[in-house]
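Reading through the structure tokens given below for one structure.
The values are calculated or read from the model by the stated rules, or taken from the named source; none is laboratory data. Bear in mind that the values here come from a model prediction, so they are computed numbers and not experimental data. Cβ placement follows ideal geometry from the backbone for every residue including glycine, while neighbour counts extend to all protein chains displayed.
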Amino acid sequence: MKTILTQLLLVGLMFVVGGTVAGDRISLPKYPQPVGERCVEPTDIMRREHMNFIIHQRDETVYRGIRGITARHSLKDCIDCHTGYDDQGKALPINAKGQFCESCHSYTAVSIDCFDCHRTTPGEVNRMRQFTAMPK
Amino acid sequence: MEASEKMTGQSRRSFVKRTVAGAAVASIAPGVVLHDVAQASRDPGEAVTNEIRWGMLIDANKCADGCTDCVTACHKENGVHQLGRPATDAQWIRKVHLRDKQTGKEYGVPVMCQHCEHPPCVDVCPTGSSFKRADGIVLVDKHICIGCRYCMMACPYKARSFIHEDVNDQAAHAPRGKGTVESCTFCVHKVDAGEGTTACVEACQHDALIFGDLNDPDSRISRELTKYPSRQLRADLHLNQGVRYRNI
């Protein structure tokens, strides 16, 4: 029962985020399931605040050199978990149609600038993985 | 203001560390000075401080003719793809060839961002995008770079490149995109991971490049610098670069 309530709440939140009530006309975003046990923050917080998290993290990383385990809101880590793969196991760009970032951003009609510069798939070598532990 | 305090201020942790180290020195017999062990790596999550100043020493005698391993390694490491258009392709590092007109002796050395203590690129940047990190590494914050290229004109070493075309397949640790300026980062992602080296240094088979902490008297680069003379390019500009050259 509790799970159903939570799901209802989440669906409700999607409407708020999307700014639409016509849920039957515009289908909710669909995107590949992420890997990993859990996200760095609860889903509802991530939905509303992810842009604030990453814009804060970018300054910490660029100016203060904070990378690795304490770079909790690293865009690189988002991509590592949320990338979808095709049948051959090839990573699909996270901003490609139907992928994690694009699906919601298209739904909410917000453009993304991140991927003008940032890599859209997990890198071959994730140098900081050695420092990265599962968030608590 | 806040940003500059962040960059130059030392963390409480490093202050405590230094204080403790100072106490240890005091307890040793007079005349015996203990240097703090080289802190080439810091804990992940601890901000960079000015306790370290990264630098490089390049020996022209050891740099082999025709060898461009450092250039190749740099561009591979940082995802700087060459498009076969030399006029506009980005160069984070390049081999500069010199010829002595009197003797005909030819030699070459790699030239990249010299990581000045007083970087002209930072002076001229209208957005604050070009900046020097507390540990002496000069970088571009591409989030706020508007691509005006003042820094490219200000740099005496032609170290910076402008990205003219859309970029794909960047390295995950080195974002780069059209309309921004970029240059050597001293492989900041490797430095921050505690590796204490750069791709060009790792690639050099002739031991012509040495990377290390100029503030640490026991680092290899500091010992080499005190052993034999070295030069900064255009030292008359008083920029106090982190990159030094020998035998040029």
In region A:34-82, which residue that is among the β-branched types (Val, Ile, Thr) and more than 14 Å from chain B (Cβ to nearest Cβ) is surrounded by the fewest Cβ atoms within 10 Å (Cβ to Cβ)? A:Val35
Checked region A:64-85 for anything among the hydrophobic types (A, V, I, L, M, F, W, C) and either at pLDDT 90 or above or over 19 Å from B:Gln170 (Cβ atoms) (or both); matches are A:Ile66, A:Ile69, A:Leu75, A:Cys78, A:Ile79, A:Cys81
Taking the condition of being of a type outside the set (Gly, Ala, Ser) and more than 21 Å from the chain's Cα centre (by Cα), how many residues in region B:68-88 meet it? 5
Search result, residues across region B:151-205 that are assigned to a helix (DSSP H, G or I), away from every other protein chain (no Cβ under 13 Å) and buried (at least 20 other Cβ atoms within 10 Å of the Cβ): B:Cys151, B:Cys200, B:Val201
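If you go through region B:163-204 one residue at a time, how many are farther than 30 Å from B:Arg220 by Cα and in contact (Cβ under 8 Å) with a residue 40 or more places away in the chain?
The qualifying residues number 9.
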If I ask for residues that are of a type in the set (S, T, N, Q) and crowded, with 20+ Cβ neighbours inside 10 Å, which ones from region B:206-233 would you list? B:Ser219
